[in-house]
Amino acid sequence: MSILELRRVSKVYGEGTTEVDALTDIDLAVEQGSLVGVMGPSGSGKSTLLSIAGSLEEPTRGEVVILGKSLSGASRNDKARLRRRTVGYVFQDFNLLAGLTALENVSMPLELDGVAMKRARVTAMQALEQLGLAERADHFPDQLSGGERQRVAIARAVVGERRLLLADEPSGALDSLNGESVMRMILAACHRGVAAVVVTHDATLASWADRVVFLRDGKAVDETLPPPSPEQFLGQPSRGPSS
């Protein structure tokens with residue numbers, strides 16, 4: 001089952017002499033439980049693809065379908081509800097709420113969806129523990145390092161019943177050990193049936209994906225299976241197509 005489909009999606013910024021084709025006729029299907037990596041040079045359209053996939057931006061042409069429902073013509077409220085309940089985001093700038101602790105930032109989406117506060121906080125703490133942040137749960141974002149804030153953002157994106165995870169350079173501010181912890185959490189979400197799209201410039205991170213899509217100048221120029229997953233080298237069973 002496809003959780004996300006992009007059908008001939010194009011995005012144009014500007015008009016006339018200032019017109020820029022950010023994406024051109026992108027087709028992408030992401031199945032339940034799969035992890036797709038997106039790679040390409042700076043300016044190739046990677047972040048624009050994520051924004052459109054998550055309904056933060058409208059495509060100029062083409063169609064976005066999530067869980068079998070087209071977003072074409074959906075109201076602003078419908079899209080906001082979809083993002084809160086179905087889509088988990090990891091942004092490059094984290095987008096944590098400064099007035100909330102790490103624990104509160106992670107539990108907030110659950111509480112907004114009606115989960116009792118006590119249960120939401122327990123679930124949020126479990127996510128923070130997986131990323132080695134239990135002792136930082138009561139700290140505010142400005143009391144955390146860049147890498148800690150990034151891990152809080154990851155935890156917030158994967159809690160609850162999200163079906164689609166969109167991550168923009170999720171290990172960009174992390175060392176290799178914490179980057180591996182983040183990827184294990186994303187993979188655990190995929191094992192639960194979440195579909196994930198991860199934008200990265202890191203070939204090591206991309207090797208965790210089921211397949212990798214390469215963008216250049218807004219066009220998909222190649223799609224390939226990655227080399228063997230790091231899980232294999234660590235003695236874990238592979239989760240990719242060859243398993």
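Every number in this text was worked out from the coordinates using simple rules, so none of it is lab data. Only a predicted model underlies this, so the values are computations on that prediction, with no experimental measurement involved. Reconstructed Cβ throughout: ideal geometry from the backbone, glycine too, with neighbour counts over all protein chains shown.
Shape index of region 137-226: Rg/Rh, with Rg the Cα radius of gyration and Rh the Kirkwood radius from the inverse mean 1/r over Cα pairs, equals 0.99.
Across region 131-157, the residues whose backbone nitrogen lies under 12 Å from the label position 7 Å along the beta-carbon direction of ARG192 are 155-157. Amide H contacts of ILE3: VAL30, GLU31, GLN32, each under 5 Å away and 5 or more positions distant or on a separate chain (H built 1.01 Å from N in the peptide plane; Pro and chain starts excluded). Here the simple spin-label model places points 7 Å from the Cα toward Cβ, and for ASP142 and GLN126 these points are separated by 3.4 nm. Relative contact order of region 2-233, taken over Cα pairs closer than 8 Å and 6 or more residues apart, is 29 percent.
So which GluC sites (Glu not before Pro) in region 8-99 pass both tests, a DSSP loop state and at most 10 other Cβ atoms within 10 Å of the Cβ?
Working: sites: GLU15, GLU19, GLU31, GLU57, GLU63; in loops: GLU15, GLU19, GLU57.
Filter output for region 8-99: GLU15, GLU19.
Reducing region 178-228 and region 1-65 to their Cα centroids gives an inter-centroid distance of 16 Å.
Projecting the Cα positions of ASN77, LEU96, VAL20 onto the charge dipole of the chain (unit charges on Cβ atoms of Lys, Arg, Asp and Glu, taken about the Cα centre) puts ASN77 furthest along the positive direction. Compared with the dominant principal axis of the Cα atoms in the chain, helix 117-130 is inclined by about 80°.
Kindly give Rg over Rh for region 68-170, based on alpha-carbon atoms, with the Kirkwood expression for the hydrodynamic radius. Intermediate results must be reported in sequence, preceding the final value.
Working: Rg = 13.8 Å, Rh = 14.0 Å.
On the Cα set of region 68-170, Rg over Rh gives 0.99.
In this simple spin-label model, placing a label point 7 Å from the Cα along the Cα-to-Cβ direction at both GLU15 and SER42 gives a separation of 3.0 nm.
Here the gap between VAL221 and MET117, fully extended at 0.36 nm per residue and compared with their Cα-Cα distance, gives a gain of 32.8 nm. Beta-bridge orientation, region 2-233: approximately 55 percent antiparallel, per DSSP, counting only bridges with both partners inside. Could you work out how far helix 76-85 tilts from the main Cα principal axis of the chain, as a 0 to 90 degree angle to the nearest 10? Tilt relative to the chain: about 50 degrees. Lysine pair count for the chain (Cα-Cα distance under 17 Å; residues 8 or more apart in sequence or on different chains): 4.
In the chain, the longest principal axis of the Cα atoms and the axis of helix 146-158 are about 80 degrees apart.
Report, as a whole number in µm² per second, the diffusion coefficient that Stokes-Einstein gives for region 13-114 at 4 °C and 1.567 mPa s using the Kirkwood radius over alpha carbon pairs. Don't skip to the answer; put the middle values down first.
Values: Rh = 16.0 Å.
Stokes-Einstein gives a translational diffusion coefficient of 81 µm²/s.
Once the C-beta distance of SER72 and LEU177 is scaled by a Förster radius of 51 Å, the resulting FRET efficiency is 0.75 to the nearest 0.05.
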